[in-house]
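Structure first, then comments.
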Amino acid sequence: MKIAVDIDGVLADQVAAALKFIEEEYGLKYLKSDIDRARWTFEGKELWSEIGRRLADAEYTLNLPLIEGSQWGIRYLAHHEVFVVTARRPNAEEATRRWLNIHFPTLKGYYRARTGEKQKIPSDVLVDDLDLNIVEFVKSDPERRGILFLHPWSINCTDIEDYSDQVSYCPQWDGVVKAIDDIDRRG
Ligand SMILES: [Mg+2]
């Protein structure tokens, strides 16, 4: 089975790193639970453009923390064709590939796709932390399955509930692995 896996929010704990630089650089303290939508802003600044700027710095990107259980999950799924699909910009690609080689050596590919365009990548399953990506993916083919890796920012007023037979909601990696085993068993 072909399984596309998002990086930020699924493999890399990007928000943990962001909360740290927001505190260090702006003196502002937020919690993960404060980040309650994809386009979250603080003091007029867009979180994801702040992150995008820092991802161009190889040192920042190489030091990103892991989402708990992600290494175990990717290793467990290594008998499938598992690859990443990320909206990170090309200026982050070299450091991102190095980070992936260090932490996830079994991954079999690297694709870039904008948010809401991940359905263009050939895959049977998409694991992503944004409903916007999951909805477009499952909508594109009734055979496709989406796994929404649930964080406080994952739900953004999409019609994801209309695709409940194609979508699983998993807040942790053990749930992701279980959902993929189920999809695999049912063929
Ligand atoms: Mg993501």
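Note on D181 and Y110: the model spin-label points, each 7 Å out from Cα along the C-beta direction, lie 3.1 nm apart. Distance between the modelled labels on E23 and E59, one decimal in nanometres: 2.0 nm (7 Å Cα→Cβ projection). With respect to the chain, whose longest principal axis is taken over its alpha-carbon atoms, helix 14-26 is tilted by about 10°. What is the sum of charges around T106, taking Lys and Arg as +1, Asp and Glu as -1, for the other residues whose C-beta is under 15 Å from the C-beta of T106? Around T106, the surrounding residues sum to +3.
Geometric descriptor of the stretch 14-62, per residue, is 74 Å³ (volume of the convex hull of the Cα atoms). Surface composition of the stretch 14-62: carbon and sulfur make up 47 percent of the accessible area, probe 1.4 Å. Test of understanding: extend the Cα→C-beta vector of A78 to 7 Å, then name every residue of the stretch 108-150 with backbone N under 17 Å from that spot. Only 108-109 pass the distance filter.
Remark on A12: its backbone amide H falls under 5 Å from those of I67, a criterion applied only to residues 5 or more positions apart or on other chains, H modelled at 1.01 Å from N. Couplings 3J(HN,Hα) for the stretch 35-44, derived from phi with the Karplus relation 6.51 cos²θ - 1.76 cosθ + 1.60 (θ = phi - 60°), are 7, 9, 7, 5, 9, 6, 10, 10, 6, x Hz, where x marks Gly and Pro. Amide H contacts of V127: A4, V5, D6, I147, each under 5 Å away and 5 or more positions distant or on a separate chain (H built 1.01 Å from N in the peptide plane; Pro and chain starts excluded). Taken per residue, the accessible surface of the chain reaches 51 Å², heavy atoms only and a 1.4 Å probe. Shown here for the stretch 13-90: GluC sites (Glu not before Pro) in loop regions (DSSP other than H, G, I, E, B) with at most 14 other Cβ atoms within 10 Å, namely E43, E68. Calculated translational diffusion coefficient of the chain (4 °C, 1.567 mPa s; Stokes-Einstein with Kirkwood radius over alpha-carbon pairs) equals 77 µm²/s.
The values are calculated or read from the model by the stated rules, or taken from the named source; none is laboratory data. These numbers come from a predicted model, not from an experiment. Using ideal geometry, Cβ is built from the backbone for each residue, glycine included, and neighbour counts are taken over all protein chains shown. Quick note on the areas: whole protein, heavy atoms, side chains included, nothing else; ligands and nucleic acids left out. Shrake-Rupley method; radii C 1.70, N 1.55, O 1.52, S 1.80 Å.
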